[in-house]
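The values are calculated or read from the model by the stated rules, or taken from the named source; none is laboratory data. Every value quoted in this text rests on a predicted model; they were computed, and no experiment measured them. FYI the Cβ positions are ideal-geometry reconstructions off the backbone, even for glycines, and counts take in every protein chain you see.
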2 protein chains.
Amino acid sequence: MARDTRAQLVSAAARLLDQGGPAAVTLREVGRLAGVSHNAPYKHFADKQDLLAAIASRELTRRSAIMADAGPASPVERLRQIMRGYIAWARAKPARFKLTFGAWTRGNDELGEAAHLSRRRLIDTVAAAQAAGELPAGDPDRLAALFLALAHGAADLALSGHLSAPGKGSADPEDLLDDLIGYLRGNAAPRSGEEFANPMTAPRPA
Amino acid sequence: MARDTRAQLVSAAARLLDQGGPAAVTLREVGRLAGVSHNAPYKHFADKQDLLAAIASRELTRRSAIMADAGPASPVERLRQIMRGYIAWARAKPARFKLTFGAWTRGNDELGEAAHLSRRRLIDTVAAAQAAGELPAGDPDRLAALFLALAHGAADLALSGHLSAPGKGSADPEDLLDDLIGYLRGNAAPRSGEEFANPMTAPRPA
DNA sequence: ACCTGAACACCGTTCAAGT
DNA sequence: ACCTGAACACCGTTCAAGT
C-alpha cells in the first residue's frame, strides 16, 4: 500500500513534469492525481526536490535497462544505437532529460547507483569497439565520455534551438554523432581485412 | 532614467540568479535591489520569463564580444581558446549558462541576434582552420556544431557531476576538447611542410 | 511614461490530530 | 506507519491610483 502510493506519486509527478516542466509539478496536483491529500507526499519524500530526484532516479534506472537491449550488431553499431537512443529520449521527454542532468545538491545514493550502471554499459561497449579495431585505442572511460558529451550537448542544444541557425536545419544531433564516429574510425588502427567503408555493411565479428 | 532602471533590474536579477538559481530571482527582491517597488519590473518586462530572457540575451551579447578577443594564434588554437572560454564560462556562472540554453517559448529577437553573432564567429574560425589544413574539410557549419555540441555537453555534464565516475576525476571538459581536436587533426589533410606535432609549437600561418 | 500600495490566487511547508 | 485539514509565509500578477 505504502510503496504503491509512493510509486503513484512519482508517476503523477513525472506526468505533470512532461506537461509543463518543473513548475507544473505542484504537490497539490501530484496528490490529487494520486488520490491523496496535498501533503501526503511529505510522508514519502523530504520535500519537492526529493520528489523530483525520485523521478530522475527512476528515469536513469529505466534507461540503463533499455541500454541492455542492444541487438547483435557490431560493437560500434551498438554504440551508435545507444547514443541514438539517448538523443531520442531527450527529444521525446525533454523535461525529464533536463531534470535528470540538473544539479543535485543532495547526494541521493539511488540516483548515483543508476548513473553508474548506465556509464558501465557505455564504457563496456566502447571497449568492445576498441578491441574490434573499430575505434582508436586509449582509455575507454575517456572515449566514452567523449561520446556522451557530444550526444548530450547536441541533444541539449537542439532542444533549446541553439544547435544550428534558424534557417539551416542540416545539423541534427544524429548527424553529429555519425560525424564523430566517422572521424574516429579514420583514426582507428584497422585490423587485417577490415575496410571501414559503409558502417552498415562493414564486416562484424561473430 | 528609464533605461537605467531596466539595466539595474537585469543586473540585480543576474546577481540573484548566480546566488540561488532561477527560484531565487523573485521580483520583490529584484525590485528591492534596484531600489524600486516589487512590481516596477512589470513596466519594463512582460513577466518574470521576460526578465530572465533579458539576462540570457545580455549574457550572449557579452560572450560574442569576448570571442572577438582571440589572440594572434593559429586558427585551430583560436578555436581551442574560444571553446575553453565557453567551458570556463559554464563553470564560473553555471546558472547563467543553464538559463541561456533553457527552452525559450517566446521568440525574443534580441536573443536570436546575439546567438547568431556568436555562431558566426565560431564558424569563421573553423573555416579558417580548415583553410590552413588544420582541420578536415567539409561544411564548416557542421564542424562548428560538432565542437559546440561537445563543449556544451562536456560542460553541462561536468556541472551535474555526470561526466565521469565519482572516483576518477580524469575526464575534464578541457581534456575532451583536446581529444576531439587531436582526432580531427589526424583526419586533416596536412599542407606541405606541416607536421602536426605539439599543437602549441606547430607552424602557424603568418 | 513610470512608479506605488493593496489585493488575489497559488504554492511549499509545518503542525496538530486522526486511524 | 500513513494520512488529513487548517494555517503560515511567500510569490507572480493585476488593478486602481498617483506624479
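For the range B:38-50, filtered to residues that are near DNA strand D (Cβ under 6 Å from one of its atoms) and among the charged types (D, E, K, R), the residue that is farthest from the other protein chains (Cβ to nearest Cβ) is B:Asp47.
Does the range A:95-105 contain any residue that is within 12 Å of chain B (Cβ to nearest Cβ) and more than 21 Å from B:Ala149 (Cα to Cα)? Yes, the range A:95-105 has at least one match.
Yes/no per residue for (1) within 14 Å of another protein chain (Cβ to nearest Cβ); (2) touching a residue at least 24 places away in the same chain (Cβ under 8 Å); (3) away from DNA strand D (no atom under 14 Å from the Cβ):
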residue: A:Val36; (1), (2), (3): no, yes, no
residue: A:Leu52; (1), (2), (3): yes, yes, yes
residue: A:Ile55; (1), (2), (3): no, yes, yes
residue: A:Arg58; (1), (2), (3): no, yes, yes
residue: A:Arg63; (1), (2), (3): yes, yes, yes
residue: A:Ala73; (1), (2), (3): no, yes, yes
residue: A:Val76; (1), (2), (3): no, yes, yes
residue: A:Leu79; (1), (2), (3): no, yes, yes
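Of all the residues in the range B:152-170, those that are assigned to a helix (DSSP H, G or I) and facing chain A (nearest Cβ under 7 Å) number 7. Being over 29 Å from B:Asp172 (Cα atoms) and either assigned to a helix (DSSP H, G or I) or of a type in the set (Ser, Thr, Tyr) (or both) is not true of B:Arg78. Residues of the range A:147-159 that are hydrophobic (A, V, I, L, M, F, W, C) and either surrounded by fewer than 24 Cβ atoms within 10 Å (Cβ to Cβ) or more than 10 Å from A:Val126 (Cβ to Cβ) (or both): A:Ala149, A:Leu150, A:Ala151, A:Ala154, A:Ala155, A:Leu157, A:Ala158, A:Leu159.
Among the residues that make up the range B:156-174, is at least one of them over 30 Å from A:Ser118 (Cβ atoms) and at pLDDT 70 or above? Checked the range B:156-174: no residue is over 30 Å from A:Ser118 (Cβ atoms) and at pLDDT 70 or above.
Candidates A:Arg84, A:Arg28, A:Arg62: the one that is surrounded by fewer than 19 Cβ atoms within 10 Å (Cβ to Cβ), among the charged types (D, E, K, R) and near DNA strand C (Cβ under 10 Å from one of its atoms) is A:Arg28. Of the numbered criteria (1) within 14 Å of another protein chain (Cβ to nearest Cβ); (2) within 12 Å of DNA strand D (Cβ to nearest atom), the one A:Arg32 fails is (1).
Filtering the range B:123-139 to residues that are on the phi < 0 side of the Ramachandran plot and within 11 Å of chain A (Cβ to nearest Cβ) leaves B:Ile123, B:Leu135, B:Pro136, B:Asp139. In the range B:16-29 there is no residue matching the filter, namely being touching a Gly at 6+ places or on another chain (Cβ under 8 Å) and part of a helix (DSSP H, G or I).
Comparison of B:Ala2, B:Ala56 shows that the only residue that is at pLDDT below 95, among the small types (Gly, Ala, Ser) and away from DNA strand C (no atom under 16 Å from the Cβ) is B:Ala56. Checking B:Gly21 against (1) in contact (Cβ under 8 Å) with a residue 12 or more places away in the chain; (2) more than 14 Å from every other protein chain (Cβ to nearest Cβ); (3) within 12 Å of DNA strand D (Cβ to nearest atom): exactly one of these is not met. Which one? So B:Gly21 meets the others, but not (2).
Only residues that are within 28 Å of A:Arg58 (Cβ to Cβ), in contact (Cβ under 8 Å) with a residue 24 or more places away in the chain and not acidic (Asp, Glu) were counted in the range A:129-170, giving 11.
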